[in-house]
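Asks: Could you have a look at this structure, given as structure tokens, before my questions?
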């Protein structure tokens, strides 16, 4: 994305270029299921995933080869009493980079590449309880950086973030966009959200303004990654509240902008509510508190299985025709 003198205009223009899901490919995939003897619902949601993959990939069958997880790590200007946020984030990033994090092992199990993006950990975004997280140019530039997640191509992208601050910023974004309930969030997190939404009252009508004022670099980068994946017909698995917040921003701008996304899981009450509002049915229910891409890495196995199923069904239908 080229950033002009009106950065958010570039983002909106890019969204207008996004094509609608390929309904013809989905219909052809459905015909293949019928031709192979699976016209009903006996395959459950796996059939629905196969149709979604066909519409997103714009091909039948929608095979998946290269797949990966992209995680974004940033720091925010607000703080929690008694916690060294920067040190905590560095430990998380180092664990992923060293292959020692839980998500690292799950990526090995599901044949996924894994990248963690350090979004200037030493430079926190603005304290959202008092000022915007980012200015417009910085926000647009971070969206553009997030789009680099698809630079090496691929057939499936899993997106998530690292750190508790990202969850709090995401809750602020979701509160501003969707007025979600905040059940189950710690009191210190709720305090940050309440103060942030109050501080920016009157400036939260535009989804991109919500993103730059409340979101920070991690959520902005996730927004860019979702858009880039759509431009390349790449299905996306969203993991965690920050990825949901990025999806909510895009959904408010253009509802079909997240038609290529599914949700790994919704193990938090806020995630359950947001998923319903965005029409994203979770793939898994594993009670994960770890986050950091773990759910997406496991959900990738389900999506890849749906792709293999689609390939087999298409071949059977071809032979029987």
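No value in this document is a laboratory result; all are computed from the given coordinates. For clarity, every value in this text was computed on a predicted model and none was experimentally measured. Counting neighbours? That spans all protein chains shown, and the Cβs are built from the backbone with ideal geometry, glycine included.
Asks: Would you calculate a helix-derived [θ] at 222 nm for the chain, using -39,500 (n - 2.57) for each DSSP H run of n ≥ 4 and dividing by the full residue count, to the nearest 500?
Replies: -16500 deg cm²/dmol
Asks: Still on this structure, I have one more. Compute the length gained on full extension between residue 254 and residue 97: take 0.36 nm times their separation in residues and subtract their Cα-Cα distance, giving the result in nm to one decimal.
Replies: That pair, residue 254 and residue 97, stretches by 53.0 nm at full extension.
Asks: Calculate the radius of gyration of the Cα atoms of segment 1-159 to one decimal place, then report Dmax, the largest Cα-Cα distance, as a whole number, both in Å.
Replies: Radius of gyration, then largest Cα-Cα span, for segment 1-159: 20.6, 62 Å.
Asks: Take residue 58, project a point 7 Å from its Cα along the Cβ direction, then tell me which residues of segment 15-42 have their backbone nitrogen under 16 Å from it.
Replies: 15-28
Asks: Right, another one. What does the extension gain come out to for residue 118 and residue 87, with contour length at 0.36 nm per residue minus their alpha carbon separation?
Replies: Taking 0.36 nm per residue and subtracting the Cα distance, the gain is 9.8 nm.
Asks: At 0.36 nm per residue, and after removing the present C-alpha to C-alpha distance, how many nm does the segment from residue 205 to residue 279 gain when stretched out fully?
Replies: Length gained between residue 205 and residue 279: 24.5 nm.
Asks: Using 18 Å as the cut-off for backbone N distance, which residues of segment 74-109 belong to the label zone defined by a point 7 Å from the Cα of residue 308 along Cα→Cβ?
Replies: Residues 106-109 fall inside that zone.
Asks: Please compute the modelled spin-label separation between residue 187 and residue 34, points set 7 Å along Cα→Cβ, answer in nm with one decimal.
Replies: 6.0
Asks: Order these peptides, 242-252, 144-154, by their mean beta-carbon neighbour count within 10 angstrom, highest first. Kindly include the intermediate steps, with their values, before the conclusion.
Replies: Values: 242-252: 28.3, 144-154: 18.2.
Averaged packing, sorted descending, gives the order 242-252, 144-154.
Asks: Could you work out how far the C-alpha centroid of segment 214-293 sits from that of segment 10-55, in angstrom?
Replies: 19
Asks: Roughly what would the spin-label model give for residue 17 and residue 42, points 7 Å off Cα along C-beta, in nm?
Replies: Modelled inter-label distance: 4.6 nm.
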